[in-house]
Amino acid sequence: MDEPIESASKVASTLQIPTGQYTMAQFNKEFWFNGLQMITVVNPLDYDFPFMVEMRNFFIGAGKHERFPGVIANVYLSQMSGILAQNDDQLGLMSDPQLKKLYYQKLIVDTQEMVHEHSPLPAYLQNVSPTTIPEKAPWEENMERATDVAPQAPTAEPKAPELPKPAKEETKEFELQGSRYKMVVSKAGKEMYYKDGKMTSSADYFKAASLV
């Protein structure tokens with residue numbers, strides 16, 4: 001049977017980190033498992049340990065190892081670590097993630113990923129730390145990438161030339177000695193002169209206009 005876990009007063013020195021520096025968020029990230037992981041755990045007690053997860057019964061014999069999917073292992077680890085802490089009279093201190101980590105490390109034998117996660121990185125970078133991954137592959141050092149080329153401003157499409165707007169048709173009229181004179185300027189700029197509705201000459205029109 002395994003040795004009893006150290007008291008809470010020795011947690012910081014055992015982990016070699018200051019108390020309070022290891023947070024519960026860090027603990028959950030390290031020890032909360034999912035259904036795509038298989039966790040091998042041990043029962044350190046000298047008696048068999050049955051437990052239930054979602055109304056299903058599971059069992060680990062005294063001093064035996066068993067493999068469970070992560071969601072089942074989570075329940076076992078929570079229950080068994082609580083029992084061990086209670087036996088060590090440390091149950092009231094299990095809110096300390098550093099102490100809780102010690103119990104979990106004692107119970108977990110192995111962690112295995114059930115599904116291989118695809119990595120988009122090339123083979124030569126698969127086992128390299130993300131912080132040391134170069135921006136370019138060795139064979140790309142002298143190659144220009146699209147991200148290295150400054151984008152060019154889009155060329156404005158040429159505008160179609162504006163056609164001159166057609167002139168408005170204009171009409172000028174006046175009366176003189178019972179006769180009605182009218183000058184019509186067409187949109188094309190052509191001038192036409194009328195007297196009493198009949199066409200007349202420009203000289204006749206302007207002579208009459210000078211007498212008005």
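Give me the residue from segment 101-136 that is assigned to a loop (DSSP other than H, G, I, E, B) and under 24 Å from residue 53 (Cβ atoms) and, out of that set, modelled with the lowest pLDDT. Here the residue is 115.
Out of curiosity, is residue 98 surrounded by fewer than 15 Cβ atoms within 10 Å (Cβ to Cβ), in the same structural domain as residue 49 (by TED's automatic domain parsing) and modelled with pLDDT of 85 or more? First the steps, then the outcome.
Working: surrounded by fewer than 15 Cβ atoms within 10 Å (Cβ to Cβ): no; in the same structural domain as residue 49 (by TED's automatic domain parsing): yes; modelled with pLDDT of 85 or more: yes.
So residue 98 does not fit the description; no.
Considering 66, 54, 113, the condition of being surrounded by 13 or more Cβ atoms within 10 Å (Cβ to Cβ) and acidic (Asp, Glu) is satisfied by 66 alone. Against the conditions (1) in a loop (DSSP other than H, G, I, E, B); (2) modelled with pLDDT of 70 or more, residue 168 satisfies every one except (2).
The values are calculated or read from the model by the stated rules, or taken from the named source; none is laboratory data. Values in this document were obtained by computation on a predicted structure and should not be read as measured data. Cβ coordinates were reconstructed from backbone atoms using ideal geometry, including for glycine residues, and neighbour counts include every protein chain displayed.
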